[in-house]
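Written out below as structure tokens is the structure these notes cover.
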Amino acid sequence: ANILSKRAVYFAFDGFVVKDEFRPLVEAHARYLVANRGTRMIIQGNTDERGSREYNIALGQKRADSVKRMLMLMGAQEAQIETVSFGKEKPRNPGHDEAAWAQNRRDDIVYAGE
């Protein structure tokens, strides 16, 4: 039930703005990083299968960077947060419809050592 157990931030099609509904999740992770300065995380940006590989790598990076920016604005240190884009290479749902694509348009938060 702990909000820190939630590790995915979902995005609109072709978007990289963090939706308001995910703000409490990002804030909780920011508070955790502020309280635990030795903790490191990786934000993994992902996209759905539509678009070229190059486009999706860039979009996934923008998504990861947008969450990193929010975390830093809330007090986390840049050195605590690494970003990487997997583009469309790591789908959560292998389907080929809107429901699957919506699950794949996300950032995954992974703490070091997990």
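Side notes on the structure shown:
- Per residue, the accessible area of the chain comes to 54 Å², computed with a 1.4 Å probe over protein heavy atoms only.
- Backbone phi angles across segment 42-58, fed through the Karplus curve with coefficients 6.51, -1.76 and 1.60 (θ = phi - 60°), yield HN-Hα couplings of 10, 9, 9, x, 9, 9, 7, 6, 6, x, 6, 4, 4, 4, 5, 4, 5 Hz in residue order; Gly and Pro are listed as x.
- Taking ASP97, ASP108, ASP65 and ordering them by how much accessible surface each has at a 1.4 Å probe, largest first, produces ASP97, ASP65, ASP108.
- Between the amide H of GLU82 and those of MET41, ILE42, ILE43, distances stay under 5 Å, these residues lying 5 or more places away or on another chain, with hydrogens modeled in the peptide plane.
- Ranking by accessible area, most exposed first, for LEU33, LEU4 with a 1.4 Å probe: LEU4, LEU33
- Whole-percent carbon and sulfur share, accessible surface of the chain, 1.4 Å: 55 percent
The values are calculated or read from the model by the stated rules, or taken from the named source; none is laboratory data. Every value quoted in this text rests on a predicted model; they were computed, and no experiment measured them. Note: accessible area is taken over every heavy atom of the protein model, side chains too, but ligands, DNA and RNA are not part of it. Shrake-Rupley method; radii C 1.70, N 1.55, O 1.52, S 1.80 Å.
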